[in-house]
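The structure appears below as structure tokens.
Please treat every number below as a calculation from the coordinates, not as lab data. Computed from a prediction, not measured in an experiment: that's the story for all the values here. Here the Cβ is made from the backbone with ideal geometry for all residues, glycine too, and neighbour counts use every protein chain on show.
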Amino acid sequence: MSDRYDIVIIGGGNAGFGVSQIAHAAGKSIAFIESDQFGGTCPNRGCTPKKVLVAAAHAMHEIEIAHHHGIEVGPAKLDWSALIDRKSDMIDFIPAAMEDTAKGRGTVYKGKAKFLGPNLVEVDGTKIEADNFVIATGSITRPLSMPGAEHLITSDDVLSERELPDEVVFIGGGVIAMEFSHVYARAGAKVTILEMMPQLLPRLDSDAVAAISRESERIGITLKTGVEVQGIEKINGKLRVRYLHEGKEHSIDSSRVVNGTGRIANVGELNLDAANVKHDGIRIEVDEYLRSVSNPAVWVAGDALVHSAQLSPLATYEGRLVGKNIVNGAQQSPDYSIVPSAVYTVPALSSVGMTEAEASKAGLDVEVKTSDMSQWFSARFYAETVAWAKVLVEKGTRRIVGAHLVGHHGEELIHLFALAMRHDISADDLGGEIFAFPTFTADIPSLV
């Protein structure tokens, strides 16, 4: 005997809640299966708690530049354990609140789901059938197989450890490494990033990355690219990282070594073969509607997808889209062409649309306008240590195809560029708008 529902959602994060919002309103019977905390990565182990730490780093930065405003302050000291307590106080209510929301939309099962057939899963001995299954299991830290990998900690540990380490090495130079390195460095730790690729943040515009890299080095972070990490060993209470760089062997001792290589889809324990779901162990092959190419009863959304960025708003967007396709029939496909995002270093690196390299590869004839705003009044008012922008505008149409900012409150300004791109507002029309002055936004006419 088994329980039966219209939709089973495996995972209680943003993607799953996006599905349930649509399906519940349509009167569908829903089951949630969650093996850990409701809410998923973002509110519990990702963007929300991380931003608490980033806010503290911002405060440390403001203290650093206070003398530019005629303010005399002594050396600031960050109480790391108090910061972790603040983070916990802000987010601890989330899992229970999200679980209550799930219970208001359907039945909740706690435990790990495992497929037994194309339309059947099992959770702790309970069998559940459904017409549709949504895999919204999120992501896990990418495992590394190097010698000594057992000594690595993850971003989860960074957010929970109550003691600030003296030295930190990040293996990998992606978003996780860049964001936490700025927090650690401003808190007083010695930070090194070892990246295998020639560029940190390899998917972002190279000039924007160069701008934030210079700022990272200014605050004392050591950056090394083109690195091959050979292993980690424990020596005299420290962790020694051995690596090759520019053809030579090197080593560095550290209190903590963080896996900063990113996250992968969390689908390895679902027994996908039993569900006739085509996959390679990480990537589930889906069609243009986010439905399994081999089992039309299975859908995928959020970080469990491989082809889209691991962003909380995208997970909700994909979940809602899957919900609509289940309720109304497969009609809608996701559009990822205009997705604003930010890397929350201090200051942030923000982007939307194409990089310059992507525009060139696509054969677009674009005007590239790069602006160093550090000597503009808007930047000098606030003693910005970096203020940089690059905007790509297609010649002829004057259509904005990409924007990239470092500093200058770019994590907010980027949404104006995204709005213009989404609604076909040309660079000339955007630049012709009247903006309050003096503001960061008032600089947009000069950026386009």
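Taking 17 Å as the straight-line reach from the Cα of LYS190, the lysines in range (excluding those fewer than 8 positions away in the same chain) are LYS77, LYS224, LYS238.
Decide, for the stretch 149-261, between rounded, prolate and oblate: order the square roots of the alpha carbon gyration tensor eigenvalues as a ≥ b ≥ c, take rounded if a/c falls under 1.5, and otherwise choose prolate if a/b is larger than b/c, else oblate. Since a/c reaches 1.5 but b/c is at least a/b, the shape of the stretch 149-261 is classed as oblate. 3J(HN,Hα) along the stretch 376-393, derived from phi through the Karplus expression 6.51 cos²θ - 1.76 cosθ + 1.60 where θ = phi - 60°, amounts to 6, 3, 4, 7, 5, 3, 9, 6, 4, 7, 8, 8, 9, 8, 9, 10, 9, 10 Hz, with x in place of Gly and Pro. The calculated 222 nm mean residue ellipticity attributable to helices in the chain amounts to -9000 deg cm²/dmol, summing -39500 (n - 2.57) over DSSP H runs of n ≥ 4 and dividing by all residues. Ordering PRO202, ALA185, ASN259 by Cα displacement along the dipole of the stretch 149-261 toward the positive end leaves ALA185 in first place; charges were set at the Cβ atoms of Lys, Arg (+1) and Asp, Glu (-1). Across the stretch 149-261, the mean sequence separation of Cα contacts (distance under 8 Å, 6 or more residues apart), normalised by length, yields a relative contact order of 35 percent.
For GLU228, GLU318, GLU122, what ranking results if the residue with the fewest other Cβ atoms within 10 Å of its Cβ goes first?
Neighbour counts put them in this order, fewest first: GLU228, GLU122, GLU318.
Ordering VAL401, VAL8, ALA26 by Cα displacement along the dipole of the chain toward the positive end leaves VAL8 in first place; charges were set at the Cβ atoms of Lys, Arg (+1) and Asp, Glu (-1).
In a reduced charge model with +1 at each Lys and Arg Cβ and -1 at each Asp and Glu Cβ, the stretch 347-447 shows a dipole moment near 100 debye about its Cα centre.
Packing-based ranking of 279-290, 253-264 yields 253-264, 279-290, ordered from highest to lowest mean Cβ neighbour count within 10 Å. A Cβ-based charge dipole, computed about the Cα centre of the chain with Lys and Arg at +1 and Asp and Glu at -1, lands at about 400 debye.
Here the dipole of the stretch 253-354 is about 220 debye; that uses its Cα centre as origin and unit charges on the Cβ of Lys and Arg (positive) and Asp and Glu (negative).
The protection proxy used here, the mean number of other Cβ atoms lying within 10 Å of each residue, ranks peptides 370-378, 403-411 as follows, highest first: 403-411, 370-378.
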